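Remarks on the structure that follows.
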């Protein structure tokens, strides 16, 4: 299995809702990432997990809460989001030190009303 | 901002022509990577060039790297309509942090 899968593909939520984005990979990769991408902009790094531990948090607001239950799974818990948080959220994984590039999932397109 | 810049922002060509995209970056790097993104979906890794390499080929792709100028170029030869996508360069240096450039939107007309 050489894919990163993400669910759901689309999500619409209100500003008072709590929702979670899920990501899974079975390539044995030890690093997993969350990126946020606005329309016609490059992806922006949010979080990096290395060996199931949070290694990078790019000063992301606390309304985004990452979780790595095991080496194959990565969640992003969403609470009290703002309309400006609407974006494509991309999960990715990689082997050691980005030596071989990053495998991206197809993304979750989030709309906050 | 550490973000790199790509040039041009948009490029339109006919099938069969070559497409060249340039990337400039600001910091030291271990490697530079190129990704393709179709219609705002997930990115696909195309090619990686290490800081001690100057040129790399993969199929119809040719990447060059000039670390003295902090720049790279991606050449797609004999382009096809299926090459229509956004192309991003990305750099990393001693961390898991991969920083993307601003991207080039390529349109290939049949």
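Brief remarks follow.
- Subset of the range B:25-55 that is assigned to a strand (DSSP E or B) and surrounded by fewer than 16 Cβ atoms within 10 Å (Cβ to Cβ) - its residue that is modelled with the highest pLDDT: B:55
- Number of residues in the range B:6-36 that are within 10 Å of another protein chain (Cβ to nearest Cβ) and within 12 Å of residue B:89 (Cβ to Cβ): the value is 5.
- All conditions in (1) touching a helix residue (DSSP H, G or I) at 6+ places or on another chain (Cβ under 9 Å); (2) away from chain A (no Cβ under 14 Å) hold for residue B:77, with the sole exception of (1).
- Some residue of the range B:64-81 being free of Cβ contacts under 8 Å to residues at least 24 places away in the same chain and either assigned to a strand (DSSP E or B) or closer than 22 Å to residue A:37 by Cβ (or both): yes
Here is a yes/no grid of residues against (1) assigned to a loop (DSSP other than H, G, I, E, B); (2) within 12 Å of the chain's Cα centre (by Cα); (3) surrounded by 14 or more Cβ atoms within 10 Å (Cβ to Cβ):
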{"site": "A:20", "(1), (2), (3)": "no, yes, yes"}
{"site": "A:23", "(1), (2), (3)": "no, yes, yes"}
{"site": "A:34", "(1), (2), (3)": "no, yes, yes"}
{"site": "A:42", "(1), (2), (3)": "yes, no, yes"}
{"site": "A:54", "(1), (2), (3)": "no, no, no"}
{"site": "A:62", "(1), (2), (3)": "yes, no, no"}
{"site": "A:69", "(1), (2), (3)": "no, no, no"}
{"site": "A:81", "(1), (2), (3)": "yes, no, yes"}
{"site": "A:84", "(1), (2), (3)": "no, no, no"}
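- Every residue from the range B:87-110 that is surrounded by fewer than 20 Cβ atoms within 10 Å (Cβ to Cβ) and in contact (Cβ under 8 Å) with a residue 40 or more places away in the chain: B:93, B:94, B:102, B:105, B:107, B:109, B:110
- Per the conditions (1) surrounded by 20 or more Cβ atoms within 10 Å (Cβ to Cβ); (2) within 13 Å of another protein chain (Cβ to nearest Cβ), the sole criterion not satisfied by residue A:74 is (2).
- Every residue from the range B:82-103 that is within 14 Å of chain A (Cβ to nearest Cβ) and in a loop (DSSP other than H, G, I, E, B): B:93, B:94, B:95, B:96, B:97, B:98, B:101, B:102, B:103
The values are calculated or read from the model by the stated rules, or taken from the named source; none is laboratory data. Keep in mind that this is a model prediction, so the values were computed, not measured. Reconstructed Cβ throughout: ideal geometry from the backbone, glycine too, with neighbour counts over all protein chains shown.
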